[in-house]
Amino acid sequence: MSAEPAIRFWDHLWEQPAGSAPRGTVVVLPGRGEHAAVYERLGRRLAFDGYRVLAVDDAARAAFDLPEPMAAAGPGPRVLLGADTGAHQAITLAAAGTPGLDGLILAGLPTTGTGATAEDWEAELDLRSTCPHHRLRLTRDRRFRRGVLAAPAAEGAAQGPALDRVTVPVLALHGVHDVVSPLSEARRVYSGFPGVHLVTLAGTRHDVLNDITHRTAAATVVLFLEQLRLSPELPAIAVSDTGYLTGGVH
């Protein structure tokens, strides 16, 4: 394993099973209202598959600390995974040529500069996810900040900030039923960028990594990571002759 960065930028770490070498490194940047522990389920799942997963509490803060340590965060492939506004931070870091970065995963990229309002907590949960476990987790989470989806996502969100300067492979995950960042707008933002592979998840809302299809989302992430381990230039490993892949149970 590579030496640890001089600056510890992460707040949570999930590692591969004892006795096995890590297959790669994923750094998770959370979105509005979230913190690192919100991605525990994803972190544990990717770690079980052999990947070292580091997550931060504040994606904006990590953007200042991350560029140099990224090259030493762990073995390659090294991938930034950003959710919601964390996806914007990930794009900015990739566009700046962050050393040691091999790929980018964008989950629920906000596509408008405006926020999404909800009249009460149940309505906010409905914007985020239909997964009973995730809804209960957020409801009990005292660190989770409610109401922040109403805040503007990011300056220039509708233009897909700096995607034209991203040179690493990009996997984009987006919920078909995302009303915070509508799929039609996400498709518009991603169009024209051949390095972006967009995967949509049926029945899924804005928290695409933590919705009812979270297992399918995690499996898609693993397929992307395994592809990067071999070579981003190689054909896809798993291709369905029927045009679709089954899955999505929680």
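The values are calculated or read from the model by the stated rules, or taken from the named source; none is laboratory data. Keep in mind the model is a prediction, meaning the values are calculated, not measured. A quick note on method: Cβ atoms are made from the backbone with ideal geometry, for glycine too, and the neighbour counts reach across all protein chains shown. Note: accessible area is taken over every heavy atom of the protein model, side chains too, but ligands, DNA and RNA are not part of it. Shrake-Rupley method; radii C 1.70, N 1.55, O 1.52, S 1.80 Å.
Answer yes or no as to whether THR139 is part of a helix (DSSP H, G or I), of a type in the set (Val, Ile, Thr), touching a helix residue (DSSP H, G or I) at 6+ places or on another chain (Cβ under 9 Å) and without any contact (Cβ under 8 Å) to a residue 24 or more places away in the chain. It is true that THR139 is part of a helix (DSSP H, G or I), of a type in the set (Val, Ile, Thr), touching a helix residue (DSSP H, G or I) at 6+ places or on another chain (Cβ under 9 Å) and without any contact (Cβ under 8 Å) to a residue 24 or more places away in the chain.
Residues that are part of a loop (DSSP other than H, G, I, E, B), touching a strand residue (DSSP E or B) at 6+ places or on another chain (Cβ under 8 Å) and either modelled with pLDDT of 90 or more or at negative phi (or both) are absent from the stretch 36-48. Take the residues of the stretch 181-209 that are among the β-branched types (Val, Ile, Thr) and at pLDDT below 95: which is farthest from ALA116 (Cα to Cα)? Result: VAL196.
Candidates are the residues of the stretch 98-114 that are without any contact (Cβ under 8 Å) to a residue 60 or more places away in the chain and touching a helix residue (DSSP H, G or I) at 6+ places or on another chain (Cβ under 8 Å); the one that is most open to solvent (accessible area, probe 1.4 Å) is PRO99. Exactly one residue among THR130, THR112, THR92 is more than 20 Å from LEU225 (Cα to Cα) and in a helix (DSSP H, G or I), and that residue is THR92. For GLU119, state whether it is open to solvent by 60 Å² or more (accessible area, probe 1.4 Å) and charged (D, E, K, R). Against the criterion (open to solvent by 60 Å² or more (accessible area, probe 1.4 Å) and charged (D, E, K, R)), GLU119 qualifies. Residues of the stretch 170-179 being modelled with pLDDT of 95 or more and either in a loop (DSSP other than H, G, I, E, B) or exposed (fewer than 15 other Cβ atoms within 10 Å of the Cβ) (or both), which ones? Once the filter is applied, which keeps residues that are modelled with pLDDT of 95 or more and either in a loop (DSSP other than H, G, I, E, B) or exposed (fewer than 15 other Cβ atoms within 10 Å of the Cβ) (or both), the stretch 170-179 yields VAL176, HIS177, ASP178. The number of residues in the stretch 24-35 that are assigned to a strand (DSSP E or B) and open to solvent by 10 Å² or more (accessible area, probe 1.4 Å) comes to 0. In the stretch 64-84, the count of residues that are β-branched (Val, Ile, Thr), touching a residue at least 40 places away in the same chain (Cβ under 8 Å) and closer than 23 Å to ALA150 by Cβ is zero. For the stretch 59-70, check the following and say yes or no: at least one residue is more than 22 Å from VAL27 (Cα to Cα) and either among the polar types (S, T, N, Q) or open to solvent by less than 20 Å² (accessible area, probe 1.4 Å) (or both). Within the stretch 59-70, none of the residues are more than 22 Å from VAL27 (Cα to Cα) and either among the polar types (S, T, N, Q) or open to solvent by less than 20 Å² (accessible area, probe 1.4 Å) (or both). Identify, please: which residue in the stretch 122-142 is out of contact with any Asp or Glu (no Cβ under 7 Å at 6 or more places or on another chain) and open to solvent by less than 10 Å² (accessible area, probe 1.4 Å) and is, among those, farthest from GLU40 (Cα to Cα)? Here the residue is LEU125.
Just one of the listed residues (ASP126, ASP102) is of a type in the set (D, E, K, R) and farther than 22 Å from PHE9 by Cα, namely ASP126. Residue count for the stretch 143-156, restricted to those that are open to solvent by 20 Å² or more (accessible area, probe 1.4 Å) and either small (Gly, Ala, Ser) or at positive phi (or both): 5.
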